[in-house]
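Worksheet: the structure to be examined is printed underneath.
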Amino acid sequence: MAVDSVSGVGNGTPKTAQQKATLNYDNFLQLLIAQMKNQDPTDPVDASEQMSQLASFSQVEQTIQTNTKLDTLLASSSLTQAGTYVGKYMTSADGSVKGTVASVKVYSDGIIATTTDGKSILVQAGITLADQAPAATPST
């Protein structure tokens, strides 16, 4: 089975976003501590407001982590799906390209199947997939 993962599916962007969120979260905590250390003793900052800010920021961090896990799940699903196309007969959505799938490349934004004769088919809604090529019908 020739399945190829290109353009960092499941890598790169989600990890970078998570690293940025962690960095921002750490920065937020440092600012919160600095604010508490340097506040005016005659007019202290409301503790409930600080806790509200911390809770909001924690919620954003959890959302980013959830999105990262979802991206990983979708990438795994794409790889599994792509592997099932190899050896099948595929027709493009517009019907212009037909052939048996020899290999599949998974990109971050889609899947491209390459037929045994070297033609490429974008896997999208409207493709036709069969176990084998249709039998030729004699013309009358």
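No lab work stands behind these numbers, since they all come straight from the coordinates. If you're wondering where the values come from, they're calculated on a predicted model, not measured in any experiment. Neighbour counts run over all protein chains shown; Cβ positions are idealised from the backbone, glycine included.
Data overview
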quantity: Identity of the residue in the range 95-126, among the β-branched types (Val, Ile, Thr) and more than 14 Å from Gln81 (Cα to Cα), that ends up surrounded by the most Cβ atoms within 10 Å (Cβ to Cβ); calculated: Ile121
quantity: Selection from the range 127-140 of residues that are farther than 22 Å from Ser78 by Cβ, among the aliphatic types (A, V, I, L, M) and surrounded by 10 or more Cβ atoms within 10 Å (Cβ to Cβ); calculated: Ala133
quantity: Verdict on Val101 being touching a Ser or Thr at 6+ places or on another chain (Cβ under 7 Å) and without any contact (Cβ under 8 Å) to a residue 24 or more places away in the chain; calculated: yes
quantity: Near pairs, Cβ below 9 angstrom, 6+ apart or cross-chain, from the range 37-56 (touching a residue at least 12 places away in the same chain (Cβ under 8 Å) and closer than 16 Å to Asp26 by Cα) to any residue that is part of a helix (DSSP H, G or I) and among the aliphatic types (A, V, I, L, M); calculated: Gln50/Leu32; Gln50/Met36; Gln53/Leu32; Leu54/Leu29; Leu54/Leu32
quantity: Condition check for Thr66: of a type outside the set (Gly, Ala, Ser) and closer than 30 Å to Asp26 by Cα; calculated: yes
